[in-house]
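Student: This is the structure, below, for whatever I ask next.
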Amino acid sequence: MQYLSVDEAFNLILAGLRPLTAEPVALEAAPGRVLAEDVRSPLNIPPFANSAMDGYAVRAVDTTGAAHDQPARLRVVGEVAAGQVCPMVLEPGQAIRIMTGAMLPRGADAVVRFEDTSEGLYGRGPTFSGSTTTFTTTITAAADSGTGTGPTASTRPEEVRVYVPAKPGLNVRAEGEDITADRLVLEAGTRLTPGHLGLLAAMGFTTVKCARRPRVAILATGSELIEPGLPLSPGKIYNSNNPMLAALVNSCGAEAVILGAAGDDWETIQGKLAEGLAQGVDLFLTSGGVSVGDYDLVKQVLQAEGRLEMWQVRMRPGKPLAFGHLGEVPLLGLPGNPLAALVSFELFGCPALLKIQGLSLPQVREPVEAVLAEPVSNHSGRRNFLRGKVGLQGPTLYVWPSVSQKAGQLASLIESNCLIVAHEERSYYAPGERIEIIPLYGLETDLSNFGKINKGDDHHHSPASELSLRAV
């Protein structure tokens, strides 16, 4: 088979993948799901003009020239709370007490906050002099909460003094100022966040159409594997790939279907793959059995039972990588080494899962860069993916290569949160250069997760000597 570059392999794998069918999904179950259709707003948001402050609804013209030593004096004729509708029309020289979120009364065009009135100066329930009367601080709701007439006439202040001039629109949220009816709000292919879901709920949606969650069959191969929890006998190792890959699959919005492990036996591997087909999976994800050893049988079974379309990529770690189809179901064969399997999944598996959920190619492979803190050499002629630690120093995102880059050291992942990409055409990267990174374990880059790194945190730094990839 052809020895492909990373980019060629990426394009080949993703080229034939198509989005899955759509299904209705309740909003509370939709975080991380991908929209299958455009969403337009069925209404204006807000649906009516409302107050952005607790204060007094007024006609702006009635406050012209208002100042602390010459306040505008307005007669208080009612009160309206959030959720209520005031039946009154505000007339010249009048004010209506209003709470945040309440519908603006007809005739009003501004809201003066309590702090800019006599109520704010003296607290609730001030004693008014002159033509006004003392009133209690208790606010008694109208018997009909739908009318919103507020305090009764016996408890309502008769007058309020306004100390600032209001302009039309002051402290008013206009109808449709956030979103207008029939506006395109979210496009198909959007991966839904909690913010998106809040917006959908504000528009009255309870469900939304999303691409179906992919079901991914996960199979580890190798006669040396036993399941965690069983006694470890000589020559055996625990199957660490399945739980790691299942977690990675879930983080990409898919559903893991664990097929267990298969020894290096043709019929056993064939039977496990048939089991996955019977369960209606959308993708096979195998680990092991794709190299050049006598017992690497996955690619052979794939050739016999389906079609093998790709094998081996110019990358490190993870050169053995098989891709093909069993019937119409794609199969991605990852290396058996856990680190190589993880790197290969991040490069090819997660983008494949995102694409069949409806994300576009640019969305599944957006480049991220950081400033390299220590030198890196790459004389291998392959694209290398180093474990690294990325963090903020002030406003700048820096990345440090991990001390150990040996492919067999799974423990190095504990202090790694990204892969550093050393391209095959570059033999050397100097400190201070910008370099491409791939954040681990997430679909989007969230710098807040990287935290801050102090210069004295020695465990984040590799030795000052140049890090060579010859021995990786």
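Nothing in this text is a laboratory measurement; each read-out follows from the coordinates by a stated rule. The structure displayed is predicted, hence computed values, not measured ones. Ideal geometry is used to build each Cβ from the backbone, glycine not excepted, and the neighbour counts take in all protein chains shown.
Student: Based on the alpha-carbon gyration tensor of segment 217-305 and its eigenvalue square roots a ≥ b ≥ c, which shape applies: rounded if a/c is under 1.5, prolate if not and a/b is larger than b/c, or oblate?
Tutor: Values: a/c = 1.81, a/b = 1.08, b/c = 1.67.
Cα axes put segment 217-305 in the oblate bin.
Student: Between residue 255 and residues 5 or more places away or on another chain, which pairs have amide H atoms under 5 Å apart, with H built 1.01 Å from N, and which residues are they?
Tutor: Under 5 Å from the amide H of residue 255: 215, 216.
Student: Rank the residues 414, 258, 218 as a footprinting-exposure proxy: fewest other Cβ atoms within 10 Å of their Cβ go first. Don't skip to the end; give the middle numbers.
Tutor: On the way: 414 9, 258 15, 218 26.
By the 10 Å Cβ count, ascending: 414, 258, 218.
Student: With a 10 Å Cβ neighbour count serving as the proxy for reagent exposure, in which order, fewest first, do 68, 196, 423 appear?
Tutor: Ordered by Cβ neighbours within 10 Å, fewest first: 68, 423, 196.
Student: Test of understanding: ordering 281, 290, 364 by Cβ neighbours within 10 Å, fewest first, what list do you get? If you can, show how the numbers build up before the last one.
Tutor: Details: 281 23, 290 28, 364 19.
Neighbour counts put them in this order, fewest first: 364, 281, 290.
Student: Pick out, in residue order, every one of the GluC sites (Glu not before Pro) in segment 399-434 that is DSSP loop and has at most 12 other C-beta atoms within 10 Å; say none if there are none.
Tutor: For GluC sites (Glu not before Pro) across segment 399-434 that sit outside H, G, I, E and B with at most 12 neighbouring Cβ atoms in 10 Å, the list reads 425.
Student: Looking only at segment 367-391, which residues have a backbone nitrogen under 20 Å from a spot 7 Å from the Cα of residue 409 in the C-beta direction?
Tutor: Correct set: 373-380, 384-391.
Student: Right, something else. How much FRET efficiency would the formula 1/(1 + (r/R0)^6) give for residue 274 and residue 11, where r is the Cβ-Cβ distance and R0 is 30 Å, rounded to 0.05?
Tutor: Values: r = 30 Å, r/R0 = 1.00.
It comes to 0.50.
Student: Next question. Can you grab the distance from the C-alpha centre of segment 38-110 to the C-alpha centre of segment 289-348, Å, no decimals?
Tutor: Cα centroid to Cα centroid, the span is 67 Å.
Student: OK, next. Can you give the net charge of the other residues whose Cβ lies under 15 Å from the Cβ of residue 236, counting K and R as +1 and D and E as -1? Could you put the intermediate results ahead of the total?
Tutor: On the way: positive: none; negative: 224, 227, 264.
Taking every Cβ under 15 Å from that of residue 236, the sum is -3.
Student: Additional query: So what are the ³J(HN,Hα) numbers for segment 229-236, from phi and the Karplus equation (6.51, -1.76, 1.60; θ = phi - 60°), rounded to whole Hz, Gly and Pro as x?
Tutor: Residue by residue, segment 229-236 yields x, 8, x, 8, 9, x, x, 10 Hz.
Student: How would segment 177-327 be classified by its alpha-carbon gyration tensor: rounded, prolate or oblate, with rounded meaning a/c under 1.5 and the a/b versus b/c comparison settling the rest?
Tutor: Numbers: a/c = 2.74, a/b = 2.24, b/c = 1.23.
Prolate, because a/c is 1.5 or more and a/b exceeds b/c.
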